[in-house]
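A.B. asks: Handing you this structure, nothing more for now.
Read the figures in this text as sums done on the coordinates, not as results from a lab. Computed from a prediction, not measured in an experiment: that's the story for all the values here.
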Amino acid sequence: MQENNLNRAERLRPIVIEVAGEPQGVIVPAEGGYKFVAVKLPAFAMDGHLFPSIETAHLAVSRAVEGSEGA
């Protein structure tokens, strides 16, 4: 029984999204995909967005952060 709980906890662990070596936020599993939670100002435009995959989230956050730095 405990082993199942440990496996579930591992799946629910937040995944850090970094851009240029700087952590910008985390994604957490959500119904229908992954939800992004921003922790740095350049990434706040993406806060709360739902993504179908980790890769999609990373790409979108990277583009948003890189775009905000040029503005």
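A.B. asks: If you take the C-alpha gyration tensor of segment 14-70, multiply each eigenvalue by 5 and take the square root, what semi-axes do you get, largest first, in whole Å?
C.D. replies: Equivalent ellipsoid semi-axes, largest first: 18, 10, 10 Å.
A.B. asks: What residues qualify as long-range amide H neighbours of Lys40, i.e. H under 5 Å apart, gap of 5 or more or another chain, H built at 1.01 Å from N?
C.D. replies: none
A.B. asks: Residue by residue through segment 54-68, which ³J(HN,Hα) values in whole Hz follow from phi under the Karplus form 6.51 cos²θ - 1.76 cosθ + 1.60 (θ = phi - 60°), with glycine and proline marked x?
C.D. replies: 5, 4, 5, 5, 4, 5, 5, 5, 4, 4, 5, 5, 5, x, 6
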